[in-house]
Amino acid sequence: MSLTVNIRKSYGSFTLDVAFEAGDETLGFLGASGCGKSLTLRCIAGIETPDEGRIVVNDRVFFDSAAGVNLTPQQRKTALLFQNYMLFPNLTVADNIGAGIGREVGKEERARVISEELERFGLRGFGQRYPAQLSGGQQQRVALARMLAARPGILMLDEPFSALDAHLKGVLEQNLVSLFDAYEGTILYVSHDIDESLRFCDRIAVVEAGHIVEMGSGDDLVNRPQSVAGLKLSGCKNAVPVVRTGSHCVHAPRWGVDVRCAQEVAADVACLGVRAFYLERVEGPGENCYRMRVDRTSDSRFERTVLLAFLDRDPKDAAVSFDDNEMSYLHQHLFWRVSKREPEQALPEVGDELWVRIPPDKVYLVGR
């Protein structure tokens, strides 16, 4: 199984320009809304037509602008699952599952395939019900069963959990495990959730403004991000522009401080990142130790997020007040996550002044 995509499509000020290959794997597309993730899948499925380029699935040319090839969505025989599942309300569960099976398939084989998918997704006994009689989780399972029943050349899922609450999402994710285990071929998975992408995808492509800016394993993205977009999408709360001031030192104007780095600083460095849970509380001055003030706190079940202001900013880096620009004001702060599972350690409170260290070996540096 294989997929080769090299396409370009323009919409006024926005241009999708992506090129990638995938094999027998789950390839994730991670990016902010409107970056081109879903458009890429729609071009592969034939719902949208690129301005130019080439799409080949399992050695079959779906689209080739130079050769004048542009197969219809029906000819491409792909499976694209949207957020709302798009079941036919007037068809039974069994008929919905069979909707994608080709007319060339005989009646007995069709019935066997439908029965097999009902069993696979725990829908035995639901075949004669209608979508309105099903829960959201059951509807999703019907949609997944329909995808497999069609025996598509490629599976594509477009943010299938974006509208679900956390509990239901955790339950329904197991349905995808059944789907992925049963399918042999290329699976494309669109998401804006890093944890979701890490759970399901063998590789992840970071998409920004219509371009793939980096691609690699989930471990690469989390521990070795190569772009500003990748750094932020990996969940790094502290990501600020920097300038190189030495072989192992950068200056962060937003914070008004210098930061020492264990790794050598490249000449084209653009951004520094440090994860909020890597910060350390210390007793006083030292390398990468900063005197801070707690400006805000917010609590979740197991941790407290603390917003820290640098008290000894470089005078040349002007501070921005909350009233002048709320977002710029927030970006001047350091986000710190403190575990609430250690009762012997007092949690930071608003107004506290304390010392915090950025470990030099926990700093990420990216250049684009």
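Values quoted throughout were computed directly from the atomic coordinates according to the rules given, and no laboratory measurement underlies them. As the structure is a computational prediction, the values presented were derived from the model and not from experiment. With ideal geometry, Cβ positions are generated from the backbone for all residues, glycine too; neighbour counts draw on all protein chains shown.
Sort region 1-87 into rounded, prolate or oblate with this rule: let a ≥ b ≥ c be the square roots of the eigenvalues of the Cα gyration tensor; rounded if a/c is under 1.5, and if a/c is not under 1.5, prolate when a/b is larger than b/c, oblate otherwise. Because its axes are fairly even, with a/c under 1.5, region 1-87 counts as rounded. Can you spot the aspartates and glutamates whose alpha carbon is less than 15 Å from K169's alpha carbon? Ignore those fewer than 8 places along the same chain. Of all the aspartates and glutamates, those that pass the test against K169 - Cα under 15 Å, at least 8 places apart if same chain - are D158, E159, D193, D195, E196.
Order 96-103, 231-238, 122-129 from most to least packed using the mean count of other Cβ atoms within 10 Å.
The most tightly packed comes first, giving 231-238, 96-103, 122-129.
Computed from the coordinates I sent, percent of Cα pairs over 39 Å apart equals one of (i) 32; (ii) 19; (iii) 8. Tell me the label. Correct label is (i). For GluC sites (Glu not before Pro), the sites in region 273-368 that DSSP calls loop and that have at most 12 other Cβ atoms within 10 Å are E283, E287, E344, E349. I want to verify a result. In a Gaussian network model of the chain, Cα cutoff 10 Å, which of these has the top mean-square fluctuation: T49, T305, T78? Maximum fluctuation in the GNM of the chain, among the listed residues, is at T305.
Annotation: for a label point projected 7 angstrom from Cα along Cα→Cβ of E21, no residues of region 220-255 have a backbone N closer than 17 Å. Checking the cross-link pairs K9/K77; K37/K77; K316/K340; K77/K107 against a 26 Å limit on the alpha carbon distance flags K316/K340 as lying beyond it. Here the label points at R60 and A318, each 7 Å from Cα along the C-beta direction, are separated by 6.2 nm in the simple model. Most fluctuating residue of A145, A205, A252 in a GNM of the chain with Cα springs under 10 Å: which is it? Per the Cα network of the chain with a 10 Å cutoff, A252 tops the list.
Which shape class applies to region 170-260: rounded if a/c is under 1.5, otherwise prolate when a/b exceeds b/c and oblate if not, where a ≥ b ≥ c are the square roots of the Cα gyration tensor eigenvalues? Since a/c reaches 1.5 and a/b is larger than b/c, the shape of region 170-260 is classed as prolate. The Cα center of region 127-162 and the Cα center of region 250-266 differ in position by 49 Å.
Would you mind calculating the gained length between A266 and E326 on full extension (0.36 nm times residue separation, minus the Cα-Cα distance), in nm to one decimal?
18.4 nm
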